[in-house]
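Below is one structure; the comments refer to it alone.
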Amino acid sequence: MSMVATGAEGACAECLRRSWLISRLGPFIQVACDDRAGRRTPELLRLEDHELVSAVAPRKVDALLSENSALDEGQLRQTLEQAGCWALCRHDDGFPEGLDDGADAPVCIIGCGDGFHLEQVTMGGSVTVVGARRATGYGLEVARMLGAELAGAGLTVISGLALGIDGAVHRGAVERGRTVAVLAGGPDRPYPATHARLYRRVRESGLVISELPPGTRPWRWGFPARNRIMAALSRMTVVVEAARRSGSLITAEMAADAGREVGAVPGPVTAGPSAGTNELIAGGAALVRDGADVFDRLAGVGFSFPQKLFGPEICDSDIPVLEAVEGGLSLIDSISPAAGRSLAETAASLARLEIAGYVTCSMTGEYGRTGLASAATYDPPGD
Amino acid sequence: MLAETTSFTLAGISASPVRVEVDIHRGLPSFQIVGLPDTAVREARERVRAALVNTGFEFPMRRITANLAPADLRKVGPGLDLALATGLLAAGAEIPGEKLSGWALAGELALDGSVRPVRGALAMAEAARKCGCRGIILPEANGPEAALAPGVEVRTIATIAELRGLESGRIPGRRAVPADLVESSGLSDLRDLRGQPNLRRAIEVAAAGGHALLMIGPPGSGKSLAARRFPSVLPPLCSEEILEVARIAGVCGSGPVTAERPFRAPHHTVSAAGLVGGGSPPRPGEITLSHRGVLFLDELCEFSRPALEALREPLESGEVTISRAKGRSTLPAAFTLVAAANPCPCGRGEEDPGCVCPPVSTARYRATLSGALADRIDMIVAVSQPGPEAMAGEEGEASESVRERVVQARNLMAERLGPGRVNAVADRAEIARFEIETDARKLLVQAGRSQQLSGRSHDRVLRLARTVADLDESPVVLEQHLAGALQLRRRNGT
């Protein structure tokens with residue numbers, strides 16, 4: 001795999017200007033799409049240059065269009081180069097196939113990152129994993145596990161670098177394989193700022209892409225626009241955790257509209273943070289419990305997904321404690337009687353299990369099971 | 001005529017002797033005090049004048065000069081009133097002052113001549129012994145505290161009129177009776193804590209080893225209740241420690257003399273100086289007031305960063321050194337830190353469906369919490385609302401029996417580390433001498449490898465494991481002790 005990033009040659013001048021035009025129209029689109037969900041953005045971005053400008057800035061059409069066409073191609077390419085970015089437009093053979101077929105797909109992708117080339121991201125070989133920013137410990141753990149399993153199995157894992165689930169997906173994937181972060185602003189601007197370190201890691205070993213030129217701030221309308229790119233890029237979109245009106249559900253909807261697979265991770269029927277994903281499943285989305293479920297959908301049932309990850313051996317006395325945690329108990333005060341062991345013994349077992357990687361403990365003392373399978377409690381799917 | 005008496009002024013938590021020289025000369029009537037007095041000392045002129053006149057003594061209408069030696073030591077507070085008045089009477093030949101030689105005096109005067117209590121009576125009595133005095137004369141209310149000091153006679157007077165007794169050769173006042181130091185049984189008992197076995201275990205370990213403990217849990221889950229009962233499971237103070245605590249309490253005027261361990265719970269708006277001590281001259285802060293006891297910081301995240309930063313050194317060394325332009329003083333501060341915090345800004349915890357905190361503010365809160373914890377706290381315990389069964393169930397184990405185990409464990413620590421020392425203050429060399437089973441070492445290596453443990457927290461885990469083993473009365477730290485300690489310790493990233 002070549003580590004040299006594609007330069008700005010992958011995009012024609014016209015498509016580059018289109019990118020810059022959308023960036024220039026940022027504040028105008030913000031006013032035009034003032035509904036909070038911003039569902040109209042993708043429809044707007046479908047319009048040709050002239051129609052788009054007339055729709056959002058009817059009084060400045062000529063000024064904006066002539067300003068845009070006056071942009072010097074060399075200047076634009078230099079801007080890209082200075083920001084360490086490359087560009088790829090739909091006229092290039094390497095343009096992702098997923099973005100080629102939709103009417104509202106972006107004409108140009110601008111990105112940075114040294115992990116691999118955007119050309120290598122095929123629709124069938126990638127999966128989009130998204131979820132809410134407000135996530136529970138369960139959601140974060142599943143997201144991390146899915147990211148790690150899917151990337152480890154050789155798929156490209158696409159997500160949005162947002163707080164909560166998206167961040168956990170990237171964290172899980174970035175060490176095990178390929179991951180792509182799709183941003184709502186320019187690809188050179190880490191957003192959200194709290195994920196700056198994660199941004200750098202993704203940029204070093206993966207890709208960060210956007211349809212907007214470097215330096216563009218993330219507008220509110222940029223998020224649904226970004227969601228449509230994530231949905232289009234891969235053959236399957238998995239929502240890990242989403243409440244009833246979460247933005248991740250819009251991504252799932254877009255994926256379904258674009259003829260992609262949609263999957264969702266189930267949660268307790270009483271849990272608000274999983275209400276949206278449960279509804280997706282009720283509506284026909286694939287039920288995703290682990291990486292194997294995703295693989296089955298992408299490649300057909302029975303496709304040999306790389307073996308489950310098994311952790312180190314554990315001693316017999318720890319098994320009842322592990323079973324209690326698998327049973328859904330999270331506090332040591334309730335795990336100890338359920339496992340039938342004294343508090344001190346339970347505490348010791350939990351510490352051993354945590355070191356071995358079978359359980360995690362939140363700051364508030366709640367224990368949860370990780371995705372690591374244990375030979376002692378693993379129950380292979382019966383067939 | 002010239003007369004001389006001895007008194008004391010307070011600096012930090014100790015008393016320094018002050019020679020009070022009074023000279024009466026012919027000249028225009030005036031009363032000057034020299035020798036670096038503060039405002040309270042300078043105002044003594046008016047109190048002394050009124051007190052003498054109102055008790056029937058004659059105030060000399062001549063030129064009076066009082067000098068407070070050593071001249072470079074700043075004299076603070078009203079405690080010098082009595083010595084000034086006595087010196088004045090002796091210089092005016094109204095009482096035979098030479099009979100008081102070898103006696104020190106301290107007390108504040110009221111305008112009617114009665115003598116009011118002063119702060120730091122015990123420290124003064126001890127200082128009196130150290131500078132070779134036969135005894136000290138103090139206000140009545142200070143008697144029980146001051147009489148605790150060994151090797152010095154403490155007499156108390158109610159009014160300066162009693163100084164007339166000197167004419168018949170008697171030292172004025174009554175011999176003071178030391179305070180009765182039985183531990184009150186009114187201490188809140190741990191049996192009020194129902195359910196919560198994990199919290200109980202954490203309290204026992206923290207009390208035994210003197211480890212700093214943080215409780216994280218929603219409001220109403222019993223964090224404060226548990227913290228207030230923490231002192232009841234600590235071993236009783238020994239006589240030496242009782243004197244230390246009484247000396248500090250006396251100097252700060254923070255309450256009567258007791259044999260109980262102090263429990264201080266400063267509000268989270270406390271300043272760094274208020275917490276660790278400060279000012280010029282330095283005054284003791286909350287951590288010194290909680291010496292040999294418990295410092296409880298509720299709402300840990302709400303404390304200012306400078307205040308929490310300032311806790312670092314005293315937690316390591318058991319004392320605090322306050323340096324100011326005019327000098328430095330070292331104050332004792334060997335306390336057990338008990339802290340409490342909510343799991344998120346709204347207090348419900350992220351897992352709770354009612355939590356309304358945006359993720360960013362929760363993340364920021366966590367960052368504050370982890371900043372507040374770094375290097376300071378050994379143990380974290382999650383506290384949850386006890387279920388209705390636990391609330392309706394029987395009372396928990398009483399403090400008395402928990403305390404027996406704590407005392408037992410502390411005896412083992414004292415054998416290993418020396419009297420009065422606990423595992424939490426064991427230094428590197430002492431930790432290296434802990435006997436640790438091979439399997440336990442292996443587990444520690446694994447924990448380090450799985451990034452659960454930074455190199456820095458290594459020693460902390462070993463100290464904690466040693467305490468768990470001591471509670472188990474095991475001379476060797478076994479694998480299960482180490483695992484138990486790992487479960488109790490604070491986690492990286494939290």
| message | What's the ranking of B:166-177, B:464-475, B:225-236 by average number of surrounding C-beta atoms within 10 Å, highest first? | response | B:464-475, B:225-236, B:166-177
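Considering every residue in A:357-363, what mean count of other chain Cβ atoms within 10 Å of its Cβ is obtained? Mind showing how you got there, number by number?
On the way: counts 2, 0, 0, 1, 6, 8, 16.
Mean partner shielding for this stretch: 5.
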| note | With A:Val265 itself left out, Lys, Arg at +1 and Asp, Glu at -1 over residues whose Cβ is under 11 Å from its Cβ give -3
| Distance between modelled label sites at A:Arg46 and B:Val53, nm, 7 Å Cα→Cβ extension | 10.1
| query | Over its Cα atoms, what ratio of radius of gyration to 2.2 N^0.38 Å does the stretch B:94-233 give? | reply | 1.63
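Plugging the Kirkwood radius over Cα pairs into Stokes-Einstein for the stretch B:230-274, at a temperature of 10 °C and a viscosity of 1.306 mPa s, what D comes out in µm²/s?
Numbers: Rh = 12.0 Å.
Approximately 133 µm²/s, per Stokes-Einstein.
Scan chain A and note any complete DSSP helix (H) whose C-alpha atoms cover at least 18 Å along its axis and whose Kyte-Doolittle average is -1.0 or more.
Numbers: long enough: A:137-152 (22 Å, 0.53); A:343-356 (20 Å, 0.85).
What comes out of the filter, once short or polar helices are dropped, is A:137-152, A:343-356.
Taking R0 as 45 Å, what's the FRET efficiency between A:Val269 and A:Ala376 from their Cβ-Cβ distance, rounded to 0.05? Write down the numbers at each step before the final one.
Numbers: r = 29 Å, r/R0 = 0.65.
Plugging the Cβ-Cβ distance into 1/(1 + (r/R0)^6) gives 0.95.
From other protein chains only, count the Cβ atoms within 10 Å of every residue's Cβ in B:381-389, then give the mean. Don't skip to the end; give the middle numbers.
Working: counts 2, 11, 4, 8, 0, 1, 2, 0, 0.
Mean number of neighbouring Cβ atoms from other chains: 3.
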| message | Using a Gaussian network model on chain A with a 10 Å cutoff between Cα atoms, which of A:Ile110, A:Ile250, A:Ile319 fluctuates the most? | response | A:Ile319
| field | For chain B, calculated [θ]222 nm from helices alone, where every DSSP H run of n ≥ 4 adds -39500 (n - 2.57) | value | -10500 deg cm²/dmol
| So who's got an amide H within less than 5 Å of the one on A:Gly215, skipping anything under 5 residues away but keeping other chains? H placed 1.01 Å off N, in plane. | A:Gly186, A:Asp188, A:Arg189
| request: Could I have the simple spin-label model distance between B:Arg174 and B:Gln446, label points 7 Å from Cα toward Cβ, reported in nm to one decimal? | output: 7.0
| field | Listed residues A:Gly152, A:Gly167, A:Gly311, most fluctuating in chain A (Gaussian network, C-alpha, under 10 Å) | value | A:Gly311
| query | Nearest 10 degrees, 0 to 90: what angle lies between the long axis of helix B:479-488 and the longest principal axis of chain B (Cα atoms)? | reply | 70
| request: Starting from 0 in steps of 10 Å, tell me what percent of the Cα-Cα pairs of the stretch A:38-115 lands in each bin. | output: 15, 35, 41, 9, 0
| request: For the stretch B:247-347, build the charge dipole from Cβ charges (+1 Lys, Arg; -1 Asp, Glu) around the Cα centre, then report which of B:Val276, B:Phe263, B:Gly347 sits farthest towards its positive end. | output: B:Val276
| note | Taking Cα atoms, the helix B:239-252 axis meets the longest principal axis of chain B at an angle in degrees (rounded to 10) of 70
| field | Averaged over B:475-484, number of beta-carbon atoms from partner chains that fall within 10 Å | value | 4
| Pair B:Ser370, B:Lys326: separation of 7 Å Cα→Cβ label points (nm) | 4.4
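Can you give the Rg to Rh ratio of the stretch A:232-303, both from alpha-carbon atoms, with Rh computed by the Kirkwood formula? Please report the intermediate quantities before stating the final value.
On the way: Rg = 11.6 Å, Rh = 12.1 Å.
Reported Rg/Rh, Kirkwood definition of Rh: 0.96.
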| request: Using a Gaussian network model of chain A whose springs link C-alpha atoms within less than 10 Å, name the residue from A:Asp166, A:Asp188, A:Asp318 with the highest mean-square fluctuation. | output: A:Asp318
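Cβ neighbours within 10 Å, averaged per peptide: list B:84-91, B:2-9 in order, most packed at the top. Please report the intermediate quantities before stating the final value.
Working: B:84-91: 26.6, B:2-9: 23.5.
Result, highest mean Cβ count within 10 Å first: B:84-91, B:2-9.
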| said: If you build the convex hull over the alpha carbons only and average its shadow over all orientations, what do you get for the stretch B:364-440? Give it in nm² to one decimal. | reply: 9.2
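Helix-only mean residue ellipticity at 222 nm, chain A, DSSP H runs n ≥ 4 weighted -39,500 (n - 2.57), per residue, nearest 500. What is it? Kindly include the intermediate steps, with their values, before the conclusion.
On the way: 17 runs with 161 residues, N = 383.
Result for chain A: -12000 deg cm²/dmol, rounded to the nearest 500.
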| request: Mind jotting down the distance between the C-alpha centroids of the stretch A:311-383 and the stretch B:109-166, whole Å? | output: 65
| Folded to 0 to 90 degrees: helix B:455-471 orientation relative to chain B principal axis, Cα | 90
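On alpha carbon coordinates alone, what is the Rg over Rh value for chain A, Rh being the Kirkwood radius?
On the way: Rg = 22.6 Å, Rh = 21.9 Å.
That ratio is 1.03, to two decimals.
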| For the stretch B:300-446, treating each Cα as an identical point scatterer without solvent, what Debye log10 I(q)/I(0) comes out at q = 0.09, 0.11, 0.17, 0.21 1/Å? | -0.50, -0.74, -1.23, -1.28
| task | Within the stretch B:62-106, which residues have the backbone N less than 15 Å from the label spot 7 Å out from B:Val34 along Cα→beta-carbon, could you tell me? | result | B:63-73
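Hull surface divided by four, with the convex hull built on the Cα atoms of chain B: how many nm²? List each step's numbers first, then the result.
Working: hull surface 108.1 nm².
Orientation-averaged projected area of the Cα hull: 27.0 nm².
Hey, what's the per residue convex hull volume over the C-alpha atoms of the protein assembly as shown, in cubic angstrom? Present the calculation step by step, with values, prior to reporting the outcome.
Details: hull volume 192.9 nm³, N = 877.
With only Cα atoms used, the protein assembly as shown gives 220 Å³ per residue.
A short reminder: the numbers here are calculations on the coordinates, not readings from a lab. In this text, all values refer to a predicted model and were calculated from it rather than measured experimentally. Counting neighbours? That spans all protein chains shown, and the Cβs are built from the backbone with ideal geometry, glycine included.
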